[in-house]
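Note sheet for the following structure.
What follows is calculated from the coordinates using simple rules that are stated; it is not laboratory data. All figures in this text were calculated on a predicted structure; none of them were measured in a lab. Cβ atoms come from the backbone with ideal geometry, glycine included; neighbour counts cover every protein chain shown.
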């Protein structure tokens with residue numbers, strides 16, 4: 001076995017996986033990765049199950065050191081500068097840390113959460129099938145709290161498998177899509193329109209429980225108290241002050257504020273990766289469209305292994321190349337910045 | 001009576017969950033229908049559903065839209081929800097010990113003052129109630145109880161406390177509660193119980209279920225300390241009443 005030492009880490013970094021399901025009826029929040037696609041991509045790169053436990057790294061930097069042997073890892077999610085002793089490491093690739101080497105990750109450049117998956121996955125004692133940290137309930141393994149410098153993981157020795165990169169589709173841009181309800185009838189048409197037509201910003205006080213949205217105050221039709229009912233990831237509740245809160249993975253399992261809309265499954269990770277201060281909009285879609293997108297999202301995660309490529313082959317993205325030609329850009333096929341064609345330096 | 005309730009409504013809760021709403025208010029008849037639907041689905045799950053969360057007035061059903069769509073699931077749920085609920089089976093009954101007042105129930109005196117009576121009288125009214133676990137939510141094991149004596153209905157504190165201790169027994173609005181973990185709360189704290197409604201590595205991890213009946217009885221603070229140690233070691237302190 002090797003060890004991976006958390007040499008330094010910022011706040012809001014913790015072990016997360018696909019979440020803890022089946023006990024929401026007892027008030028146990030599901031937790032789990034804020035961006036499930038990024039978690040799955042990182043895990044796929046090192047041959048793990050898509051929702052295996054990995055390190056969710058918050059917006060600040062972090063460093064990880066291999067001890068007692070080599071450790072193979074992969075990073076995906078919010079982009080950041082990464083290097084091993086000055087050698088750059090690309091996002092969406094696997095890399096092997098030799099014994100004694102340190103992987104340094106900078107601040108998130110856009111987005112919030114980056115996932116560090118470890119070959120063989122993080123090991124621990126699951127509770128309700130999950131190692132995910134839920135600090136309030138004292139759950140999570142191997143540490144039932146956010147990570148601190150000095151924490152370490154006992155991990156499989158690196159297999160020596162060839163390094164891989166994963167070609168992810170360009171993330172959707174545009175508004176965060178929602179399905180109205182379950183309590184949209186607690187708001188009149190003008191206030192529903194205000195919610196859908198306004199620009200919103202994520203407040204800096206947001207966390208894994210909820211993203212507070214800054215924008216116009218949304219008024220209720222009959223006041224802000226409803227009898228508590230169940231919540232889901234992406235429920236957008238409107239408390240008394242009219243500032244909506246999008247409930248995230250560490251939400252309470254029930255809540256007593258009217259919920260105007262629910263973020264569609266395919267866009268919850270996109271919302272999670274919207275950094276504080278960034279302006280965005282919502283857009284209402286039909287249930288049929290939302291479910292169609294949810295199925296495509298599931299399909300994308302299922303087929304991530306088909307998107308793995310050898311990390312040391314230069315492949316031109318012909319589609320992107322021709323798109324760019326049509327658009328009239330001057331193209332340099334070796335410009336990785338323009339092309340996302342990852343020829344590693 | 002259940003017969004007077006309007007038909008249940010389906011409320012979309014995103015693309016992977018649906019709320020079956022029986023009432024907009026706290027209503028024992030609606031809660032019974034919620035629990036009956038929950039029980040029916042546990043006995044005969046609909047393909048594609050994954051998890052249900054009963055609350056006072058509605059059942060939230062999580063499902064996989066890759067396996068069943070909103071329309072098909074909604075139709076099946078409404079069909080079951082509209083059936084006459086089976087006569088409720090015998091509920092489990094728990095007797096829960098409570099150390100009232102003092103450091104364990106810092107609001108007992110204020111509640112008595114607000115209601116123009118004595119702390120002992122408040123305890124007598126709280127102990128005299130027959131409660132039902134209407135739902136569990138917010139934090140693990142937090143059991144919301146219906147059945148609070150009407151004379152104890154009072155609005156919540158103006159400013160919620162950021163910390164209330166594990167095991168807090170409190171009242172808020174028309175509800176009573178058993179809190180398991182330390183948490184923020186705007187309710188009035190009458191006492192503490194050594195009973196853990198949630199304890200990891202204990203069988204069962206969760207003691208109470210929606211639909212269970214609950215009564216309280218007073219213990220002194222010394223007994224609390226003894227039982228608290230026993231509970232910490234994994235003992236189930238609550239007494240189950242065998243009818």
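For helix A:287-302, report the angle its Cα long axis makes with the longest principal axis of the Cα atoms of chain A; keep it between 0 and 90° and round to the nearest 10°.
20 degrees
Once you place label points 7 Å from the Cα toward the Cβ at residue A:107 and residue A:173, how far apart are they in nm?
That separation, rounded to one decimal, is 2.3 nm.
Using only the alpha carbons of chain A, determine the length spanned along each of the three principal axes and report them from longest to shortest in whole angstroms.
Extents along the principal axes: 62, 55, 31 Å.
Semi-axes of the equivalent ellipsoid of region A:122-211: what are they in whole Å, largest first, if each equals the square root of 5 times a C-alpha gyration tensor eigenvalue?
After scaling each eigenvalue by five and taking roots: 39, 22, 13 Å.
Of B:44, B:52, B:117, which is the most mobile in a GNM of chain B whose springs link Cα atoms less than 10 angstrom apart?
Looking only at B:44, B:52, B:117, the largest GNM fluctuation is found for B:44.
What base-10 log of the normalised intensity I(q)/I(0) is obtained for region B:77-117 from the Debye formula, alpha carbons as equal point scatterers, at q = 0.20, 0.23 Å⁻¹?
Scattering profile of region B:77-117, log10 relative to I(0): -0.73, -0.86.
Return the tail of the calculated pair distribution for region A:42-105, meaning the percent of Cα-Cα pairs more than 14 Å apart.
The proportion of pairs with Cα distances above 14 Å equals 56 percent.
Stokes-Einstein D for region B:188-231 at 10 °C, 1.306 mPa s, Kirkwood Rh over Cα pairs, in µm²/s?
131 µm²/s
What's the average, rounded to a whole number, of partner chain beta-carbon atoms within 10 Å of each residue's beta-carbon in A:223-229?
Neighbouring Cβ atoms belonging to other protein chains average 6 per residue here.
Computed FRET efficiency, Cβ-Cβ of residue A:161 and residue B:103, R0 60 Å: what is it to the nearest 0.05?
Using R0 = 60 Å, I get an efficiency of 0.50.
Put one equal scatterer on each alpha carbon of region B:43-148, apply the Debye formula with no solvent term, and list log10 I(q)/I(0) at q = 0.14 1/Å to two decimals.
Debye intensities relative to I(0), on a log10 scale: -0.78.
Could you calculate, for region A:1-142, the ratio of the Cα radius of gyration to the Kirkwood radius, expressed as Rg to Rh?
Dividing the radius of gyration by the Kirkwood radius yields 0.97.
Ratio to report: Rg/Rh of the protein assembly as shown, with Cα atoms as the point set and Rh obtained by the Kirkwood method; give two decimals.
Computed over Cα atoms, the ratio is 1.01.
Once both labels are modelled 7 Å past Cα along the beta-carbon direction, what's the residue A:199-residue B:83 spacing in nm?
5.4 nm
I need the fraction of alpha carbon pairs in chain B separated by more than 23 Å, rounded to a whole percent.
53 percent
With only alpha-carbon pairs counted, each pair once and no self-pairs, how large is the Kirkwood hydrodynamic radius of region B:140-194 in angstroms?
11.1 Å
7 Å from Cα along Cα→Cβ at both residue B:116 and residue A:278: what's the point-to-point distance in nm?
6.0 nm
Calculate, in nm to one decimal, what residue A:98 and residue A:303 gain on full extension: separation in residues at 0.36 nm each, minus their alpha carbon distance.
70.8 nm
How do B:168-177, A:34-43, B:129-138 rank on mean C-beta neighbours within 10 Å, highest first?
So the peptides B:168-177, A:34-43, B:129-138, ranked by packing, come out A:34-43, B:129-138, B:168-177.
Give me the base-10 log of I(q)/I(0) for region B:1-84 at each q in 0.21 Å⁻¹, Debye formula, one uniform scatterer per Cα, rounded to two decimals.
Debye output, listed in q order: -0.90.
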